[in-house]
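All remarks here apply to the structure that follows.
Derivation of every value follows stated rules applied to the coordinates shown; laboratory data play no part. Just so you know, these numbers come straight off a predicted model, no measurement behind them. A quick note on method: Cβ atoms are made from the backbone with ideal geometry, for glycine too, and the neighbour counts reach across all protein chains shown.
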Amino acid sequence: MMISVNGLYKQFGAIEVLKGIDMTVEKGKVVVIIGPSGSGKTTLLRCLNVLEKPTKGKIKIGEKKLDFDNPVGQKDIHAFRRLTGMVFQNYQLFPHMTAIENVMEGPITVKKEDKASARQKAMLLLEKVGLADKANHYPFELSGGQQQRVGIARALAMEPEVMLFDEPTSALDPELVGEVLKVMKDLANEGMTMIVVTHEMRFAKEAADEIIFMDQGMIVERGTPQQLFTQPKEERTKQFLQLIQ
Amino acid sequence: MVKMYLNNIVIDPERMERLTTIAKSSLLPLLKGALYNTIPLTLLSFAFGLLLAVLTALARISGVKLFEVVARVYVSAIRGTPLLVQLFIIFYGLPNLGVTIDPFPAAVIGFSLNVGAYASEIIRAAILSVPKGQWEAAYSLGMNYVQALKRIVFPQAARVSVPPLSNTFISLVKDTSLASLILVAEMFRKAQEIASTNYEFLLLYTEAALIYWVICFVLSIVQDRIEKRLNRYIAR
Ligand SMILES: Nc1ncnc2c1ncn2[C@@H]1O[C@H](COP(=O)(O)OP(=O)(O)OP(=O)(O)O)[C@@H](O)[C@H]1O
Ligand SMILES: [Mg+2]
């Protein structure tokens, strides 16, 4: 099992946002998380790379394990984070660096790779996301779709075990959504393990191995796209699917 | 008064010649004062001050109560008291505790503390102006606090803080004239010394003022260059 999450809770002050999440993801699988606004999808992703520290529970990625029932050291958190690549809704490229410098940054600063080899690899990644010709452009010179593809390349440069996407296309103009989804589908086809929060139901149907429906901090139902979209078992899932279709 | 003085110059060619001679002969000592004292004093104080400012700014946003309080008290004390009084305490006051510091290092200490306090507010605001998402993007690549600060946050904060820090720097150049009062042989003290022998106060103080002006003018050109360079990644 690539990823397993056990009894994960997250509380902000008095509000309990995640109420005991259990899930597993096998290597090379694509899991799409759907659910109404405020159901905790973003918080779950942010807990998986420990941008938010879970209140309790266990997360295991590959061989590495964090147990939040006990105090967790900062060093362990930094090491754990390198196992995941995060793609943000609003890209969060580093504005003072060109596209290729954004992609090289992690390998150079964190992995201490030498510049020349980092640049070579970064160029390959930019080619992969179709942006080799924009390598020396600053983020402000790129469209939203192009920025997000650089964001994906930047995360891939750290060679993560799993890629996390938080609504990667929801800040984009409709005509730019396709180019980002295509890159994500290519990744899925190459066997990348992915957890994707999205409202793009077509992507979910075409690319997901499993759909997870979350509501009010809990996983309500999970299944293949076929099962979940055509014969949902839970009432809440049915209601949600009606609402978005 | 001004008119009389001007009249004097125009009317009396001998006096005119005397003034020209003094102006010429005092230029070198003044420039030496600038080169050996004003400029080193400014550069050293700004460098130490900036270091102190960064540490103070980080303490202010550290979330550690003790650090925050220490930083706050320091900034408040420096901003709430006159620079001249601070210099006098360090140079004339500390000897009463048995701590005697030479004029130049005493001035460096005083000005550094001053720059540290004022610049820390600028740097704090600049760091806070970098969106939280930038920290998170850095962390998500596996960076630690220091790496995120150095590689991602500082470069962006620098762009915001260069204009106000340049103002601090230019003020510092001018403020170093106060060091004359704690016996640092900087440019203005040189002017005072020369004027006290020949009583040409207007001439010498104006000459010193012009040199300050030239220095500050050059600095503002440098500032412009730096700003342009740091703004190259911003949409225009
Ligand atoms: N830092 C925080 N402090 C306090 N409450 C928070 C914080 N982050 C999230 N929450 C709350 O947690 C709940 C879940 O938020 P989350 O962003 O995970 O939902 P989501 O499923 O991603 O929603 P959306 O579809 O709108 O993005 C919300 O009620 C939100 O207000
Ligand atoms: Mg969200």
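Details
- Inter-chain Cβ neighbour count for A:48-60, averaged per residue, equals 1 (cutoff 10 Å, partner chain atoms only).
- Per-residue mean of foreign Cβ neighbours for B:129-140 is 6 (Cβ atoms of other chains, 10 Å radius).
- Cα gyration tensor, region A:74-184 - rounded (a/c under 1.5), prolate or oblate: oblate
- Per residue of peptide A:91-104, the mean number of Cβ atoms on other chains within 10 Å of the residue Cβ is 4.
- In this Cβ point-charge picture (+1 for Lys and Arg, -1 for Asp and Glu), chain B has a dipole of about 960 debye about its Cα centre.
- Taking a ≥ b ≥ c as the square roots of the eigenvalues of the alpha carbon gyration tensor, region A:130-182 is oblate, as a/c is not under 1.5 and a/b does not beat b/c.
- Within region B:99-236: Cβ-based charge dipole about Cα centre, in debye rounded to nearest 20 (Lys, Arg +1; Asp, Glu -1): 880 debye
- Peptide packing: for B:164-171, B:15-22, the average count of neighbouring Cβ atoms within 10 Å per residue gives the ranking B:164-171, B:15-22, highest mean first.
- Cβ-defined net charge surrounding B:SER140, 10 Å radius [Lys, Arg +1; Asp, Glu -1]: +3
- Here the Debye sum runs over all C-alpha atoms of chain B as equal scatterers in vacuum, and log10 of I(q)/I(0) at q = 0.07 Å⁻¹ comes out as -0.33.
- Charges were assigned to the Cβ only: +1 to each Lys and Arg, -1 to each Asp and Glu. The resulting dipole of region A:38-164 about its Cα centre is roughly 320 debye.
- On the basis of the beta-carbon distance and an R0 of 25 Å, B:SER171 and B:TYR92 show a calculated FRET efficiency of 0.60.
- For the protein assembly as shown: rounded, prolate or oblate by the Cα gyration tensor [a/c cutoff 1.5]: prolate
- Size descriptors for chain A (Cα atoms only): Rg and Dmax, in that order, 18.0, 56 Å.
- All-pairs Cα distance distribution in region B:34-115, expressed in whole percent, bin size 5 Å: 3, 15, 20, 21, 20, 13, 6, 2, 0
- Within a Gaussian network of chain B (alpha carbon springs, distance under 10 Å), most fluctuating of B:ASP12, B:ASP224, B:ASP102: B:ASP12
- Each stretch of four or more DSSP H residues adds -39500 (n - 2.57); spread over every residue of chain A, this sum gives -11500 deg cm²/dmol at 222 nm.
- Think of region A:75-147 as a dipole: +1 on every Lys or Arg Cβ, -1 on every Asp or Glu Cβ, centred on the Cα centre; then among A:ALA99, A:ALA79, A:ASN136, A:ALA79 lies furthest on the positive end.
- Here the relative contact order of chain B, from alpha carbon pairs under 8 Å that lie six or more residues apart, stands at 27 percent.
- Helix-only CD estimate at 222 nm, as mean residue ellipticity for chain B, using -39500 (n - 2.57) per DSSP H run (n ≥ 4): -24500 deg cm²/dmol
- Paramagnetic reach from A:GLN11 in region A:31-72 [backbone N under 14 Å; point 7 Å along Cα→Cβ]: A:54-57, A:69
- Region B:119-236, relative contact order in percent, only Cα pairs under 8 angstrom and at least six apart counted: 25 percent
- Set of lysines with alpha-carbon distance to B:LYS190 below 23 Å, sequence-local pairs under 8 removed: B:LYS24, B:LYS32, B:LYS174
- Over 19 Å (Cα to Cα) - which of A:LYS53/A:LYS75; A:LYS128/A:LYS182; A:LYS56/A:LYS111; A:LYS75/A:LYS111 fall in this group: A:LYS56/A:LYS111
- B:VAL64-B:ILE221 pseudo-label distance in nm [points 7 Å out on the Cα-to-Cβ vector]: 4.5 nm
- Length-normalised contact order for chain A - Cα pairs under 8 Å, 6+ apart - percent: 26 percent
- Label positions at B:THR21 and B:SER196, each projected 7 Å from the Cα along the C-beta direction, are separated by 2.3 nm.
- Placing a label point 7 Å from the Cα of A:LEU124 along the Cα-to-Cβ direction, the residues of region A:141-156 whose backbone N falls under 15 Å from that point are A:153-154, A:156.
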